[in-house]
1. Taking into account only those residues within the range 105-120 that are surrounded by fewer than 17 Cβ atoms within 10 Å (Cβ to Cβ) and in contact with a strand residue (DSSP E or B) (Cβ under 8 Å, 6 or more places away or on another chain), which is farthest from MET28 (Cα to Cα)?
2. Is the range 65-74 home to any residue that is more than 22 Å from GLY21 (Cβ to Cβ) and at pLDDT below 95?
3. Within 15 Å of the chain's Cα centre (by Cα), over 25 Å from THR38 (Cα atoms) and either surrounded by fewer than 14 Cβ atoms within 10 Å (Cβ to Cβ) or without any contact (Cβ under 8 Å) to a residue 60 or more places away in the chain (or both), is that true of SER77?
4. Taking the conditions exactly as written (of a type in the set (Asp, Glu) and surrounded by 14 or more Cβ atoms within 10 Å (Cβ to Cβ)), does GLU72 satisfy them or not?
5. Tell me which residues, restricted to the range 11-53, are surrounded by fewer than 18 Cβ atoms within 10 Å (Cβ to Cβ) and in a loop (DSSP other than H, G, I, E, B).
6. Could we say that LYS123 is under 16 Å from the mean Cα position of the chain (by Cα), surrounded by 15 or more Cβ atoms within 10 Å (Cβ to Cβ), modelled with pLDDT of 95 or more and closer than 18 Å to LYS12 by Cβ here?
7. Hey, any hits in the range 84-91 for a residue that's touching a residue at least 12 places away in the same chain (Cβ under 8 Å) and in contact with a Leu (Cβ under 6 Å, 6 or more places away or on another chain)?
8. Looking for whichever is surrounded by 13 or more Cβ atoms within 10 Å (Cβ to Cβ) and modelled with pLDDT of 95 or more here; the options are LYS61, LYS102. Which one fits?
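The values are calculated or read from the model by the stated rules, or taken from the named source; none is laboratory data. Please read all numbers here as calculations on a predicted model, not as lab measurements. Cβ sites come from the backbone with ideal geometry, for glycine too, and all protein chains shown count toward neighbours.
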Amino acid sequence: MKLVVQRVLNSKVEVDGKTVGKIDKGFMVLCGITHHDTEKEADILARKLCNLRVFEDENGKMNLSVKDVGGEILIISQFTLYADSMSSGNRPSFIEAARPEKAEPLYEYFLKKCESEGIHIEKGIFGADMKVSLVNDGPVTIILEKENQEK
């Protein structure tokens with residue numbers, strides 16, 4: 001499982017011209033799932049994401065989590081995070097991305113795990129053509145990845 005986490009002042013996702021997810025201060029997260037991911041990886045990354053300390057405290061140090069600042073999280077499924085664009089040619093291969101029948105239930109599980117941490121969660125629509133906008137704060141962008149050790 002791979003997450004691209006951006007600290008944002010605000011973010012929204014639209015499908016067919018309609019806003020389906022919108023947050024103010026918090027994280028906009030792109031979430032990629034590969035074949036061997038399980039709920040174990042989702043549990044670990046949900047905990048890590050919700051406790052990631054990249055918001056500034058009163059001394060200007062990145063020392064607070066999204067929970068500490070009352071922030072929100074917008075999580076968007078993103079199979080292209082598992083693109084292989086280096087093996088051959090210029091056209092990426094997506095064979096490392098999990099098929100929708102595996103990825104969608106794990107994505108939904110991950111959303112629920114993040115919600116269980118007491119954070120307001122918004123989301124995109126799995127598999128839809130989405131338009132994402134955000135104001136990156138910092139900019140701060142962190143990549144979180146947890147590989148299944150039992151591949």
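1. As a first pass, look at the range 105-120 and keep what is surrounded by fewer than 17 Cβ atoms within 10 Å (Cβ to Cβ): 105, 108-109, 112, 115-118, 120.
Still in the list and also in contact with a strand residue (DSSP E or B) (Cβ under 8 Å, 6 or more places away or on another chain): 115, 120.
On the way: GLU115: 15, HIS120: 12 Å.
Out of the qualifying residues, it is GLU115.
2. Filtering the range 65-74 for residues more than 22 Å from GLY21 (Cβ to Cβ) gives 68.
Narrowing the set further to residues that are at pLDDT below 95 leaves none.
No, the range 65-74 contains no residue that is more than 22 Å from GLY21 (Cβ to Cβ) and at pLDDT below 95.
3. Values: within 15 Å of the chain's Cα centre (by Cα): yes; over 25 Å from THR38 (Cα atoms): no; either surrounded by fewer than 14 Cβ atoms within 10 Å (Cβ to Cβ) or without any contact (Cβ under 8 Å) to a residue 60 or more places away in the chain (or both): yes.
Criteria not met by SER77.
4. Numbers: of a type in the set (Asp, Glu): yes; surrounded by 14 or more Cβ atoms within 10 Å (Cβ to Cβ): yes.
So GLU72 passes the test.
5. Listed by number, the residues that qualify are ASP16, GLY17, ASP24, LYS25, HIS35, HIS36, THR38, ARG53.
6. Numbers: under 16 Å from the mean Cα position of the chain (by Cα): yes; surrounded by 15 or more Cβ atoms within 10 Å (Cβ to Cβ): yes; modelled with pLDDT of 95 or more: yes; closer than 18 Å to LYS12 by Cβ: yes.
Answer is yes for this residue.
7. Our first condition is that a residue be touching a residue at least 12 places away in the same chain (Cβ under 8 Å); within the range 84-91, this holds for 84.
Checking the rest, the ones that are also in contact with a Leu (Cβ under 6 Å, 6 or more places away or on another chain) come to none.
The answer is no, given that none of the residues of the range 84-91 is touching a residue at least 12 places away in the same chain (Cβ under 8 Å) and in contact with a Leu (Cβ under 6 Å, 6 or more places away or on another chain).
8. LYS102
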